[in-house]
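Before any comments, here is the structure.
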Amino acid sequence: MANRKLSEDEKRQLRDKAKNEILRLEKCLQNEELSKVIDAFKNRFNICESAYKVILAKHQASKGKPPSNILKIDMRQVPNVLKFAGYEFDNQLLTNLFGRKTTSNGHTAKILRNEITHGIDERAVNEIMARKDELFGYMDEFIQIIKTFDLDEKTNVESIQGKIPSLV
């Protein structure tokens, strides 16, 4: 089916809608504290996601699946993937981080990250601000377990020191 062409009026309405979205997002990000929390939340979640995907990639390879640049977090497999690497995580912690459904506390970190990454949903921003300590606590706990599971800090830091890319 061919795309229907927009009338000049429909084009103008569409452009106005795009402009209004930019203005809404810029206004939201003018609040410096809010902007810092959003950035810190996304960055912290990205650390959790990246660490998990390192393990997921090896897990997929062990099952004979071809390497992929696109790895998705599926809560139905998260506990097993982490067990594959020898980790034992509390299932509720993993659900609070990577779950697809709302928990009794509210939305999961993954859902909230998606909602603030793809358009800065106001409700999600408000929930992050209200639950900031709780959500960062989940992410920090996950990161701490990965970082300290079976290595002492000195060995862990020395083993990765030369592998950290320069951001300058």
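Quick rundown of the values:
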item	result
Solvent-accessible area, 1.4 Å probe, carbon plus sulfur percent, for the chain	53
Residue of Ala130, Ala18, Ala61 that the Gaussian network model of the chain assigns the largest fluctuation, springs spanning Cα pairs under 10 Å	Ala18
Kirkwood Rh (inverse of mean 1/r, distinct Cα pairs), the range 1-92, angstrom	17.5
Å² per residue, accessible surface of the chain at 1.4 Å	69
Normalised contact order of the chain, rounded percent, pairs of Cα under 8 Å and 6 or more residues apart	19
Farthest positive-ward along the chain dipole, Cα basis, beta-carbon charges - from Leu56, Pro79, Asn69	Asn69
Tail weight of P(r) past 25 Å, computed on alpha-carbon pairs of the range 27-138, percent	27
Asn126-Ser104 FRET efficiency (beta carbon distance; Förster radius 22 Å; 0.05 resolution)	0.75
Entries in Lys19/Lys53; Lys72/Lys147; Lys11/Lys132; Lys5/Lys101 that, when Cα-Cα distance is taken, lie over 31 Å	Lys19/Lys53; Lys11/Lys132; Lys5/Lys101
Of Leu14, Leu71, Leu135, the one that fluctuates the most in a GNM where the chain has Cα springs shorter than 10 Å	Leu14
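The values are calculated or read from the model by the stated rules, or taken from the named source; none is laboratory data. Computed from a predicted structure; not experimentally measured. Note that each Cβ is placed from the backbone with ideal geometry, even for glycine, and that neighbours are counted across all protein chains shown. Remember, those area values only see protein heavy atoms, side chains included, never the ligands or the DNA or RNA. Shrake-Rupley method; radii C 1.70, N 1.55, O 1.52, S 1.80 Å.
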